[in-house]
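The values are calculated or read from the model by the stated rules, or taken from the named source; none is laboratory data. Given the structure is predicted, the values throughout are model-derived calculations rather than measurements. Glycine also receives a Cβ, built like all others from the backbone with ideal geometry; neighbour counts cover every protein chain displayed.
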Amino acid sequence: MIPYLGNKDKIFDFINPNLPKNPKKWVEPFGGGFNIFFSLDLNDYKETEFIYNDINPLNYNLFQSLKKDIFIKKVLSTYVDKTLFEESYSNLESTDKELKALSWLIILCGCDLKDIMSKNFKGNFLFESLKVKLTRYKDYFKRIKVYNLDYKKILSKYDAEDTFFYLDPPYFGYEKYYIKHNFKTETHKELSEELKNLKANWLLSYYKFEGVEDWYSNYEIISKKTNISNELLIIKTN
């Protein structure tokens, strides 16, 4: 749906069998593009409250804006060319929330996601494709409560036995590809300690890296070989 690093919708068939149906709360502390959520059939989650959190204020502002019909109409009426794409970078500090959200969406759809600030325009195909999808997913956005907090505050705020956390943090060694965040190499170990103290069930997506299986030795770990690396799902269930 929303182009973003990770694009977990591409491996949804691997993740989906391990997802709970209709938990009271579904919480994503590292929301990003929220693409697993958009892959769900919401008929299976009629009573679930969905919580999106991202410490990047640009992501927060974008998802807040996408909850509004007037903003979606603005997106649908926008045609992106190279000039508009390049101009969008200067709007990221704007006090106009709608302009900033639209500009960030234009950048995400038009840039190289591994070098977001390069201003290298890859064309408007993804933006035009997103416009087609927005009508279908408009009701999805209305199901989301949006936060802009450090992940530890979201874990603390929503930890309960009837909560499910889906965690898709910056992958080990890929932290530099993200902007406006505070997730560092040492944060991976911190995250493992935070998760051990939770009452909630959770699922953590990762690539395999040295030490990760030792950190999570008490949990179920499922792996899948991809053309990039070994994708891991680390799962805690009560």
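Annotations
- Contact annotation: residue pairs with Cβ atoms under 8 Å, 6 or more positions apart or on different chains, pairing a residue in the range 8-37 that is free of Cβ contacts under 8 Å to residues at least 24 places away in the same chain with a partner that is assigned to a helix (DSSP H, G or I), are Asn16/Ser39.
- Scope the range 9-31; condition in contact with an Asp or Glu (Cβ under 6 Å, 6 or more places away or on another chain) and either under 18 Å from Tyr137 (Cβ atoms) or part of a loop (DSSP other than H, G, I, E, B) (or both); matching residues: Lys21, Asn22, Lys24, Phe30, Gly31
- Whichever residue in the range 111-127 is within 21 Å of Ser39 (Cβ to Cβ) and surrounded by 13 or more Cβ atoms within 10 Å (Cβ to Cβ) and, among such residues, is nearest to the chain's Cα centre (by Cα): Leu113
- Residues that are crowded, with 17+ Cβ neighbours inside 10 Å and aliphatic (A, V, I, L, M) within the range 180-224 comprise Leu191, Leu195, Leu198, Ala200, Leu203, Leu204, Val212, listed in sequence order.
- Residues considered: Phe30, Phe85. Of these, the only one that is crowded, with 22+ Cβ neighbours inside 10 Å and within 26 Å of Ser156 (Cα to Cα) is Phe30.
- Residues in the range 186-219 that are in contact with a Gly (Cβ under 8 Å, 6 or more places away or on another chain) and either of a type in the set (A, V, I, L, M) or without any contact (Cβ under 8 Å) to a residue 24 or more places away in the chain (or both): 0 in all.
- Qualifying residues in the range 130-162 (those that are among the polar types (S, T, N, Q) and at pLDDT 95 or above) - the one nearest to Leu62 (Cα to Cα): Asn148
- Residue match in the range 80-89 (condition: charged (D, E, K, R), modelled with pLDDT of 95 or more, assigned to a loop (DSSP other than H, G, I, E, B) and not assigned by TED's automatic domain parsing to the domain that holds His181): yes
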